[in-house]
Structure formats: structure tokens, C-alpha cells
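Below you'll find the structure, written out as C-alpha cells, and then a few comments.
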Amino acid sequence: MPPPPSAPRLGDLERAVMELLWSGAADRPQGASVREVLEGLPADRDLAYTTVMTVLDRLAKKGLVTRERDGRAWRYTPAGTRESLTAETMRASLGDATDRRTALLHFLDGATPEELDDLRAALSEVEQRRG
Amino acid sequence: MFAVLLALLALLLAGVAPRLMARLVWFRRAPRPALVAWQAVSLAAVIAALAAAPAAVPYLRERGWLVFGMAAAVTLLVLGRLLLSGHRVGTGLRAARARHRELVDILAAPDDGGRADGIRVLAHATPTAYCLPGRRSRVVLTQGALAALPADELDAVIAHERAHLRGRHDLLLEYFTVLHHSVPDPVRSPEALREVRLLIEALADRAAIRTSGPVTTARALMTLARGQAPEASLAAAGDGTTAARMRLLASEPVSPLVSAVMYLYAGAVVALPLTLLWLSWR
Ligand SMILES: [Zn+2]
């Protein structure tokens, strides 16, 4: 029995499994089974069936994949496309006001087009006085 | 007598002092002692409110039940609001960060784009840079940011974000957010929280100046502001602090003497409620 994967390795695996599900989503609209995911991953990873099952279970708990019963097994489908998840992340990051300003620490807290002229003037002041 | 003084002091420190301090623009030129002063004022307000009941204990000897009752009510109310606000803010932040970290870890490999420094790169055109604080912290950039920023400006951005993580600025921000929400609405001052945010940004900018100099740091601000402007006009935009930060980059830091005075002020403010409490028991 292979040793249980450590936390960072699980993170890598989760990403690899998501990539696999995304790239196969067109060919397998009904989702992929644990066996299919295991066979799709590179052979040199030498993974156990239960490890892949654990990874898919974690992804389902995080709401990143959905699963449906198919006979005695489960079939897994990505909960969103890569693009829609990226859009969700960006919305959370750039989205409305207070919450994200405290949850994440930004380099820049947004700027409106009207602010840009003010910024340009301030920049040339910096360049003159500190350059 | 001292119980009443402490309650008044709490009100003064929670309602009046933040409004005055938010107007002291020169505080921004020394962000570290300024943030210490802000913490001192808020801590002293909490101490004063919590000390009202203990300070009223001597009244019980003279059967001054009413005074003690009122002081106890103030203390319990403040304690309750603090705990509730701490719970709400803390839970909300942890949930938002956990979800965001999950998404970032799935979407952005640490070594994408040939970056070996553990920085996560999101495949999105809008240039932005931020960090996810906490035990498993992440610095996140978008491909748009990598495309827009020249190498030296990128270094400034990363130095800024790493300063947030290293200094645990998230805890500082959480502390002030909890206090902000625990103060009743008429007393609470939004300008105080805004000023504290600006000071935290100015503090991280100091780190960027140390690695990249003020001009490069200012240019990095400009580059990202230019790239984000269309986006920001759609969502809720910034609170106008970017220009203030840019102006700070133009100014020289204040002398150590001014910083020393600010630290003294911070110490004196915390000593005030403690002295009153001590006097009440003497
Ligand atoms: Zn920042």
C-alpha cells in the first residue's frame, strides 16, 4: 500500500485531477469515474485507486466538482469551467467594497478613470522630487 | 466618580479621538508609529469601558448600587459587543479566505509562468496583485499584471505584498475592523477605518521603497491603476486612497524625533485609563 499523500502533494493532485476533468469535459458530458480519472493521470505518479477517490471526494466537498450515482460507482463532473471559476475568483478579488478589502490585502485598492489624472499629477511630483 | 470618568473617557476615545486623528495628515508620513498610536487609542477605549465596572466596586461599600449597576451595564454591553463583533468578523474573514485559497490553489500553479518564488499566477487579463494572509499565505498576480509591469515595478509590487504577509497586517486590519463594528453606529467613525487602511498601505509601501525606491513604486501604482480603471468603474471603486499614497511617496519620511513623540503619545493614552482604575481602588 502506498503511503498516504502529504498535504502539498494532495494540492498538486487536486489540480491535476481538475485539469483532467476540464480537458475531458467535452468527450465525457456524463462525467468521469474514479477509474477513468486514475487511468487518465500520468502513470509515473503511481497512484492508488483510494487516493484518487479521496482527491475527488475533497474536490466535491469544496464544491469544485459535482457527482452523480452511476450504478455502484460515482461519476464526477467539474462544477464550472476553468474560465467561470477564474471569473469567480476575480469577482471576489475586485468585487464590491468592504469584505474583500479586509479578506485580501491588495497592492492597489482600485482607481476610477477620474482618479487617473490626479494620479498622473502625483506621479510626476514623485518623479521630480524623489527621482 | 472614577467609574463615570472612565465611561466618559471610553466615549471620548471611541468617538472623538479617531475623528481628530484621521485629520492628522502628517501622521501618514510615519505609518509605523501612527499605527501604534491608533492601536493605543482603541486599546485605551476598550480598557476604559471594561474598567468602568471594576472602578465602581468601591461604591458597593456605601450602598451605591445605582452607580455600580450603571457601570456594570456599560462594561457588559461593551464586552458583549466586542465578542459578537469579533466572532462575526473573524468567521466571515476566515470563510472568505478559505474559499478564495481553494480557488487560487486549483486555478494557479505555484510554478506557472516560470516563477519559482511560490507566487500564484491567475489566467486573467485584468492586472491586479494581492495576497491571501494566514498560515498558508499566498501572493497572487494575474497574467495581466505580469504583462503590464516591467521587472523593476513587479519587484516593488511583490515587496509590498510580502510586507503585508511578513508584518501580519491582516491581524492589524482585523483588529480595527472588529473594533469598528463593535462601536455603536452614532459613535463609530468610518473615516478612522479608512485612515487605518491607508496607514497599513503606506507601511507596506515603505518596504517597496526599500527594495525599489519611491519612483519605481509610484510607477507601479500608476501602471496597475491604469490597467484597473475600466474594471473599477464597474465595481465599487477604491476609496481614493491611491492618490494619497502616491503623494506620500513624494514626501520625505519624518524625523525620528517626531516618531518618538508619537510613541510617547501612544504610551500616555494607554496609561490614562489604567491610572484612573488604579486611583479608583486606592
Ligand atoms: Zn497593500
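Per-structure values
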| read-out | value |
| --- | --- |
| Residue among A:LEU20, A:LEU119, A:LEU41 that alone is within 14 Å of another protein chain (Cβ to nearest Cβ) and open to solvent by less than 30 Å² (accessible area, probe 1.4 Å) | A:LEU119 |
| Among the candidates B:ARG88, B:ARG97, residue that is open to solvent by 10 Å² or more (accessible area, probe 1.4 Å), without any contact (Cβ under 8 Å) to a residue 40 or more places away in the chain and within 14 Å of chain A (Cβ to nearest Cβ) | B:ARG97 |
| Close pairs (8 angstrom Cβ cut-off, 6 or more residues apart or separate chains): within 11 Å of chain B (Cβ to nearest Cβ) in region A:75-86, open to solvent by less than 50 Å² (accessible area, probe 1.4 Å) and assigned to a strand (DSSP E or B) anywhere | A:PRO78/A:VAL65; A:ALA79/A:VAL65; A:THR86/B:LEU122 |
| Considering residues of region B:181-204 that are within 11 Å of chain A (Cβ to nearest Cβ) and free of Cβ contacts under 8 Å to residues at least 60 places away in the same chain only, the residue farthest from B:ALA159 (Cα to Cα) | B:PRO190 |
| Residues of region A:11-51 that turn out to be within 18 Å of A:PRO78 (Cα to Cα) and in a helix (DSSP H, G or I), as a count | 21 |
| Flag if B:VAL178 is of a type in the set (A, V, I, L, M) and either within 11 Å of chain A (Cβ to nearest Cβ) or without any contact (Cβ under 8 Å) to a residue 12 or more places away in the chain (or both) | yes |
| Residue check, B:GLU153 of a type in the set (Asp, Glu), touching a strand residue (DSSP E or B) at 6+ places or on another chain (Cβ under 8 Å) and within 16 Å of the ligand (Cβ to nearest atom) | no |
| Residues satisfying the stated conditions in region B:116-139, i.e. within 16 Å of the ligand (Cβ to nearest atom) and not β-branched (Val, Ile, Thr) | B:PRO127, B:ALA129, B:TYR130, B:CYS131, B:LEU132, B:PRO133, B:GLY134, B:SER137, B:ARG138 |
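Here is a yes/no grid of residues against (1) open to solvent by 60 Å² or more (accessible area, probe 1.4 Å); (2) in contact with a helix residue (DSSP H, G or I) (Cβ under 9 Å, 6 or more places away or on another chain); (3) closer than 30 Å to B:GLN228 by Cα:
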residue	(1), (2), (3)
B:ALA72	no, yes, no
B:LEU76	yes, yes, no
B:LEU122	no, yes, yes
B:THR126	no, yes, yes
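This table checks each residue for (1) out of contact with any Ser or Thr (no Cβ under 6 Å at 6 or more places or on another chain); (2) open to solvent by 60 Å² or more (accessible area, probe 1.4 Å).
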position	(1), (2)
B:GLN143	yes, yes
B:ASP152	no, yes
B:ARG166	yes, yes
B:ALA192	yes, no
B:PRO214	yes, no
B:MET222	yes, no
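The values are calculated or read from the model by the stated rules, or taken from the named source; none is laboratory data. What you see is a predicted model; the values in this text were computed from it and never measured. Positions of Cβ are backbone-derived with ideal geometry, glycine not excepted, and every protein chain shown enters the neighbour counts. Keep in mind that these areas ignore ligands, DNA and RNA; they rest on the heavy atoms of the full protein, side chains included. Shrake-Rupley method; radii C 1.70, N 1.55, O 1.52, S 1.80 Å.
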